[in-house]
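Chemist: Below are the structure tokens for one structure; questions will follow.
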Amino acid sequence: MQLLVDLGARSYPIHIASGALARAGSLIAPCLAAPQALIIADATVAALHGATLRQSLAAAGIHAELVAFPPGERSKTLDTAAQLWDACARHRLGRDGAILALGGGVAGDLAGFVAACWMRGVRFVQAPTTLLAMVDSAVGGKTGIDIPAGKNLIGAFCQPVAVICDPAVLTTLDERNYRAGLAEVIKYGVIRDAALLAWLEGQAEAVSARDPEAIAHIVHESCRIKAWYVACDEREEGLRAELNLGHTFGHALEAESGYQGLLHGEAVAIGMRLACVLARSLGVLADPDLPARLDALLTRFGLPLRYPATDPALIERLVARTALDKKARGGRVRFVLPVRAGQVTLLPVADQAAIAAAFREGCQ
Ligand SMILES: NC(=O)c1ccc[n+]([C@@H]2O[C@H](COP(=O)([O-])OP(=O)(O)OC[C@H]3O[C@@H](n4cnc5c(N)ncnc54)[C@H](O)[C@@H]3O)[C@@H](O)[C@H]2O)c1
């Protein structure tokens, strides 16, 4: 299966196929300017899947070195980026060389940022290995790093020249990270595609059991929807912000957990519920059945419905954190709110009491 992210002269393919990693060399060779690449992966993914990618590049005549960093969000820093730029220099990666991200969203965001800055930008390829990265972060060109003031505050748009999604690599992914990725798939159903939401409800067992056809379907549908948003609004000046359903609440919860207690997808799961609560209290929710459907689906996929903490000052801190959201304009936080299955609206919300009430519903 192949999709295209339509960005005119910068359009790029998304290859989705079991075994695609072993064919990555021949798939990406036409997108490169020279047969030289640096693979950036975290140490876990490098050990599991690095050799497959290297062999496929070698078979296509592409000379590749691999550089690994310690796994986890804690590596998404300027320090790691600086070490990776040193690696680019050490391996003499030229202006016509390419950087390949092999891994989850951390590797993709970090390697993309390194690629955007090395020699003012070199070609970049995404080979996602988590469900979250396949359905979300590998497509769309957002890259970046974290600083103590916040997550993803430093970054660059850097569209890849190709995305290689091999659902077979998900067989080594742990259950919790797999389920966290499903939250983003549910998100696409809620924001844009009622049929996808209904399909997930009908096929929940196959999805949970990681049935290969079910995985290929959710990766394809998610990438199709994401590619559509990116083609409509590459720089998130309007419509693309709809992809942030659940993220304003979710980012506040993630920050509160010190980026350790909750995975990104888990925070998005809780955040989508809270968006329903806020939508209902503001009179925006047109379909009263949607919150119960969402809860049922999140529960079937083993995702959390609430943040497990009730410290009295917590709600105040969470509301304050939403004000730092990158979507805030003129002091008002813009929330993506569900209207009905497949439709959301972007609304500036000044009613702090309503935001606090939503957070109260989502903490236990
Ligand atoms: N750029 C975007 O548009 C965008 C969108 C969503 C999220 N993100 C970012 O993505 C990051 C989260 O990504 P993530 O959830 O993929 O986390 P991650 O990259 O840290 O991967 C999660 C864990 O899974 C392991 N892993 C990855 N693939 C594996 C495999 N096939 N087998 C076994 N283990 C494997 C990794 O080593 C890691 O320990 C966050 O930093 C978030 O900000 C970016």
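The values are calculated or read from the model by the stated rules, or taken from the named source; none is laboratory data. If you're wondering where the values come from, they're calculated on a predicted model, not measured in any experiment. Virtual Cβ from ideal backbone geometry, glycine too; neighbours counted across all protein chains shown.
Chemist: Is it the case, given these coordinates, that Ser56 is under 17 Å from the mean Cα position of the chain (by Cα) and among the hydroxyl-bearing types (Ser, Thr, Tyr)?
Modeler: Details: under 17 Å from the mean Cα position of the chain (by Cα): no; among the hydroxyl-bearing types (Ser, Thr, Tyr): yes.
When the stated conditions are applied, Ser56 does not pass them.
Chemist: When you look at Ala101, is it part of a helix (DSSP H, G or I) and either touching a residue at least 24 places away in the same chain (Cβ under 8 Å) or in the same structural domain as His264 (by TED's automatic domain parsing) (or both), yes or no? Steps first, please.
Modeler: Numbers: part of a helix (DSSP H, G or I): no; either touching a residue at least 24 places away in the same chain (Cβ under 8 Å) or in the same structural domain as His264 (by TED's automatic domain parsing) (or both): yes.
So Ala101 fails the test.
Chemist: Let me ask something additional. Here's a check for you: in segment 217-256, which residue that is surrounded by 17 or more Cβ atoms within 10 Å (Cβ to Cβ) and over 17 Å from the mean Cα position of the chain (by Cα) is nearest to Asp166 (Cα to Cα)?
Modeler: The selected residue is His217.
Chemist: Right, here's the next one. Which of the residues belonging to segment 142-178 are buried (at least 20 other Cβ atoms within 10 Å of the Cβ) and of a type in the set (Lys, Arg)?
Modeler: Lys142
Chemist: Hey, another quick one. So, of the residues in segment 140-159 that are more than 8 Å from the ligand (Cβ to nearest atom) and of a type in the set (Val, Ile, Thr), which turns out to be nearest to Ala20 (Cα to Cα)?
Modeler: Among those that are more than 8 Å from the ligand (Cβ to nearest atom) and of a type in the set (Val, Ile, Thr), it is Ile145.
Chemist: While we're on this one: Considering only segment 40-57, state which residues are away from the ligand (no atom under 14 Å from the Cβ) and either in contact with a Gly (Cβ under 7 Å, 6 or more places away or on another chain) or at positive phi (or both). Steps first, answer last, please.
Modeler: Step one: of segment 40-57, the residues away from the ligand (no atom under 14 Å from the Cβ) are 54-57.
Those that are away from the ligand (no atom under 14 Å from the Cβ) and either in contact with a Gly (Cβ under 7 Å, 6 or more places away or on another chain) or at positive phi (or both): Ser56, Leu57.
Chemist: Among the listed residues Gly140, Gly150, which satisfies the condition of being small (Gly, Ala, Ser), modelled with pLDDT of 95 or more and assigned by TED's automatic domain parsing to the domain that holds Arg95? Spell out how you get there, then give the answer.
Modeler: Numbers: Gly150 fails: modelled with pLDDT of 95 or more.
When all the criteria are applied, what remains is Gly140.
Chemist: Taking segment 1-24, which residues are among the hydroxyl-bearing types (Ser, Thr, Tyr) and within 15 Å of Leu170 (Cβ to Cβ)? I'd like the intermediate steps shown before the answer.
Modeler: Step one: list which residues in segment 1-24 are among the hydroxyl-bearing types (Ser, Thr, Tyr), which gives 11-12, 18.
The answer is Ser18, and nothing else.
Chemist: Out of the residues in segment 172-212 that are of a type in the set (Lys, Arg) and in contact (Cβ under 8 Å) with a residue 60 or more places away in the chain, state the one that is farthest from Met134 (Cα to Cα). Even if it seems obvious, please write down each step before you answer.
Modeler: Within segment 172-212, the subset of a type in the set (Lys, Arg) is 176, 179, 187, 192, 210.
Right, trim to in contact (Cβ under 8 Å) with a residue 60 or more places away in the chain and you get 176, 179, 187, 192.
Numbers: Arg176: 16, Arg179: 13, Lys187: 14, Arg192: 18 Å.
Once the filter is applied, the top-ranked residue is Arg192.
Chemist: Strands (runs of 3 or more DSSP E) wholly in segment 1-92 with at least 1 residues that are touching a residue at least 24 places away in the same chain (Cβ under 8 Å) and polar (S, T, N, Q) - which ones? Write out each step before concluding.
Modeler: Numbers: elements: 2-5, 12-16, 36-42, 63-69.
Passing ranges, in order: 36-42.
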